[in-house]
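Reading through the structure tokens given below for one structure.
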Amino acid sequence: MVVDLWGGWADEARTVPWTENTITTVLSTNTTITALVLVDRGELDLDANVAIQGLALMPARLVALDGGPDILLDGFRILVGRHPKCDAQLTSMRVSRRHCCITLANGEVEVVDLGSTNGILINGRQTQCGRLRPGDVLWIAHLRYRLD
């Protein structure tokens, strides 16, 4: 099945209308659509805790290894960056305004770099996206976090 959905605004200031040719990143659309159907049926509670690989560890937490606040993974999608509207705000100037997005899907933690200047690393390897398992270390620019 193919669904062609578009509308709204292409910029945060809401000055550029979205068109059918607007380019954007699409992540986990199957998961999102499935989740919306399950919510509509009352079979999925978006506020419920989620388990990682069957372990009752949620809400999961990224523990700061270099000082600073931990990042609580208590939502479906967590936007990380310096921007005031980010779910997890980091104050370091090495962190981009919208640095990365962390999603919880199918019991796994996925992280995607949003085109940041200083990137992300998982267990010391630079990447654009990847999955975290308990004990893995995520670098957001120069700041390190361990998934607990």
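The values are calculated or read from the model by the stated rules, or taken from the named source; none is laboratory data. As the structure is a computational prediction, the values presented were derived from the model and not from experiment. Cβ placement follows ideal geometry from the backbone for every residue including glycine, while neighbour counts extend to all protein chains displayed. Remember, those area values only see protein heavy atoms, side chains included, never the ligands or the DNA or RNA. Shrake-Rupley method; radii C 1.70, N 1.55, O 1.52, S 1.80 Å.
Derived scalar couplings between HN and Hα for the stretch 61-76 equal 9, 8, 7, 5, 9, 10, x, x, x, 5, 10, 7, 9, 10, x, 5 Hz in order, rounded to whole Hz, by the Karplus curve 6.51 cos²θ - 1.76 cosθ + 1.60 (θ = phi - 60°), x for Gly and Pro. Other residues with beta-carbon under 12 Å from the beta-carbon of residue 146 carry, at +1 per Lys or Arg and -1 per Asp or Glu, a net charge of -1. In a fully extended conformation the segment linking residue 114 and residue 22 would gain 31.4 nm over its present Cα-Cα distance, using 0.36 nm per residue. Residue ranking by accessible heavy-atom surface, 1.4 Å probe, largest first, among 19, 127 comes out as 19, 127.
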